[in-house]
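Structure record follows, encoded as structure tokens.
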Amino acid sequence: MVIAVTMTALTITFALQYHPGAPWPPFDAWAIALSAVTGLPLAFRRAAPRTVLAVSCAGLVLYSAGGYQPSANVWPPMLAFFTVATELPTRQVLPGALLTACVWEYAGLSAHVLSVVVATAQTVLVLGLAWAFGAGARRLAERNGQLRVLTRRLQLEQAARARHEVTEERMRIARELHDVVAHHLSVIAIQSGLARYVFDTEPDTARTAVGTVADTARQSLEEMRGLLQVLRLPPADGNGPEAPVAPPEGSTPGLSDLPELVERVRAAGVDADLSVTGVARPLPPGGDLSTYRIVQEALTNVLKHAPAARATVALHYARDLLVVRVDDDGGGSGAERLPGGGQGLLGMRERAKLYGGTFAAGPRRQGGYEVLLTLPLPAPPAGAYRADTGTGRPRAGTDPAGTGRGGGEETGP
């Protein structure tokens, strides 16, 4: 709108102030009206570029046919054509280019000032520049549009990836909290119940149970403190009170802590044993922690559902994998069960799958329950297995002696 009004006003003002005289008639009201018809439609050149070009060219033709002074009203049609070249593809621009060229050629020759060669040359030159700049502007606008689409798509993908990472982190935190809290609270619940039951009749037993509760609570606090320190978010510069804090030494348990875990479970009333066979090798930190948590959860389930059972934790280091088996004989299956949320088995399966292992859990055919985990291991030292030929991957639901273990479900890659 501003360009249209400004260009029309400047054209009329220039024609009124500068009139070369004969042979051109005075710039009268009809000339002013034709100037308005030629310039004012430019206000709508974005909405209807081809229509505006046609109207503006018609206005210039009528103005030139009236014999009015040249050089006035020649630029509005060219600006309208530039808009057509900016908005439309090449095939649709060609008719407008022919129309503008003819009108400009007619306007130049009707003045009887320019020769055919000069009029044609200026028409081709100006029209070519307008077309080139218009096409360049159109291509730039198209690239900017594509860039906006790609940017939006990237933003959506980043948002989706961020949501996925948040979900994964929540699942990891949930697993850690479940493993840390569930085991220790199960021991505390059982031992505190035992202490209350024998408080008057067996003071020594009650005192031992209370000591176990205190030790378990202390260890739970240490593990929770280490977990919370790992979860603290650092600031952008990595300094200040919110800078990342390394977990305290010993706050992240592993396979080396299994004897203490078994001893704690034994103190809680479960007859538990630990056996290790094969050439022990260290696991990566994540796999080491996950294996510990799976054994911890399996023993916690024994505490919850079979507190009078006999439990066995067996680790076997084969050539290329670690086999972990936790089973019980079901001796306490008739006891009252502690409430649970059912998240333990799911967390164990996810941990095993995360580190390329397999997981199976289910009731044994001869009674009790069994948890079987296998994880890949680095190669053993040279010669460590010269005499070992039985390194195959065990079937889920089968113990080393070949006894059946029914009801297991294996998950893994």
Exercise for the section: Identify, from the list 227, 221, 258, the residue that is at negative phi, outside any loop (DSSP other than H, G, I, E, B) and at pLDDT 80 or above. Expected result: 258
Exercise for the section: Enumerate the pairs (first residue in the range 198-212 and of a type outside the set (Asp, Glu); second residue anywhere and not in a helix (DSSP H, G or I)) with beta-carbon separation below 7 Å, excluding pairs fewer than 6 apart on the same chain, so at least 6 apart or on different chains. Expected result: 205/198; 206/198; 206/199; 212/268
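Please verify whether residue 98 is free of Cβ contacts under 8 Å to residues at least 40 places away in the same chain and either in a helix (DSSP H, G or I) or surrounded by fewer than 19 Cβ atoms within 10 Å (Cβ to Cβ) (or both), treating the condition exactly as stated.
Taking the combined requirement at face value, the residue satisfies it.
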Practice task
Inspect the range 127-135 for any residue being out of contact with any helix residue (DSSP H, G or I) (no Cβ under 6 Å at 6 or more places or on another chain) and within 22 Å of residue 70 (Cβ to Cβ) and give the result as yes or no.
Solution key: yes
Completion exercise
Apart from one, (1) over 18 Å from residue 49 (Cα atoms); (2) of a type in the set (Val, Ile, Thr); (3) at pLDDT 90 or above all hold for residue 116; the odd one out is (3)
Exercise for the section: Output the number of residues of the range 313-349 satisfying the condition of being at pLDDT 80 or above, closer than 19 Å to residue 291 by Cα and assigned to a loop (DSSP other than H, G, I, E, B). Expected result: 3
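Residue by residue, here is whether (1) free of Cβ contacts under 8 Å to residues at least 60 places away in the same chain; (2) under 60 Å from the mean Cα position of the chain (by Cα); (3) at negative phi; (4) assigned to a helix (DSSP H, G or I) holds:
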| site | (1), (2), (3), (4) |
| --- | --- |
| 51 | yes, yes, yes, yes |
| 71 | yes, no, no, no |
| 109 | yes, no, yes, yes |
| 135 | yes, yes, yes, yes |
Fill in the blank from the handout: Expected output for the range 350-364 (first residue within 13 Å of residue 298 (Cα to Cα), partner outside any helix (DSSP H, G or I) and hydrophobic (A, V, I, L, M, F, W, C), Cβ below 7 Å, 6+ apart or cross-chain) is 359/373; 360/372; 360/396; 361/371
Exercise for the section: Look through 280, 311 and report the one residue that is crowded, with 21+ Cβ neighbours inside 10 Å and out of contact with any His (no Cβ under 6 Å at 6 or more places or on another chain). Expected result: 311
Practice task
Please tell me if residue 43 is at pLDDT below 90, in the same structural domain as residue 6 (by TED's automatic domain parsing) and outside any loop (DSSP other than H, G, I, E, B).
Solution key: yes
Practice task
Report yes if some residue within the range 139-156 is at pLDDT 85 or above, in contact with a Ser or Thr (Cβ under 9 Å, 6 or more places away or on another chain) and of a type in the set (A, V, I, L, M); otherwise report no.
Solution key: yes
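Rundown of residues vs (1) of a type in the set (D, E, K, R); (2) within 15 Å of residue 131 (Cβ to Cβ), yes/no style:
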site: 28; (1), (2): yes, no
site: 37; (1), (2): no, no
site: 62; (1), (2): no, no
site: 97; (1), (2): no, yes
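The values are calculated or read from the model by the stated rules, or taken from the named source; none is laboratory data. Just so it is clear, the model here is predicted, and its values are computed rather than measured. Glycine also receives a Cβ, built like all others from the backbone with ideal geometry; neighbour counts cover every protein chain displayed.
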